[in-house]
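One structure is given here, and the rest of the page talks about it.
The values are calculated or read from the model by the stated rules, or taken from the named source; none is laboratory data. Owing to the predicted nature of the structure, the values given are computational and were not obtained by experimental measurement. Cβ sites come from the backbone with ideal geometry, for glycine too, and all protein chains shown count toward neighbours.
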């Protein structure tokens, strides 16, 4: 497995997005072409600009999620011939940069992501009570 950093972007919300080539060979001359994207979000009180959270709420969020969460995205194409691998990978990256990066670059995105993860963990915890 390759799993090398292809590109690192500093987004307008001051977070760093890593784009990785996670492609792997699956045959003599064929690949699964995989683009992985990852952004670390530090769980800190200054994140909450739109939806204010109390100190008690923040403490619970931090206890539930920990110090950091990650936004992760993967896109795969299967059975790509070796000669086409780089071109297919570049096309996947271009599509991601065009369609997703404007959204995850927004200043509100890290706040929304943290609150969504928190809500999902609480719902899951309540489900198993």
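Annotation: residue 58 fulfils all but one of (1) free of Cβ contacts under 8 Å to residues at least 24 places away in the same chain; (2) within 21 Å of the chain's Cα centre (by Cα); (3) surrounded by 14 or more Cβ atoms within 10 Å (Cβ to Cβ); (4) closer than 17 Å to residue 113 by Cβ; the unmet one is (2). Do we have any residue at all in the range 61-80 that's out of contact with any strand residue (DSSP E or B) (no Cβ under 6 Å at 6 or more places or on another chain), in a helix (DSSP H, G or I) and at pLDDT below 95? No. Considered as a group, the residues in the range 13-24 that are in contact (Cβ under 8 Å) with a residue 24 or more places away in the chain and in contact with a strand residue (DSSP E or B) (Cβ under 8 Å, 6 or more places away or on another chain) include one that is surrounded by the fewest Cβ atoms within 10 Å (Cβ to Cβ), and that residue is 16. The set of residues in the range 35-50 being touching a residue at least 24 places away in the same chain (Cβ under 8 Å) and surrounded by 11 or more Cβ atoms within 10 Å (Cβ to Cβ) consists of 35, 36, 37, 38, 39, 40, 41, 42, 43, 47, 48.
Of all residues in the range 80-104, those that are buried (at least 16 other Cβ atoms within 10 Å of the Cβ) have Cβ atoms under 6 Å from Cβ atoms of residues that are part of a helix (DSSP H, G or I) and at pLDDT 95 or above, 6 or more apart or on another chain, in 80/88.
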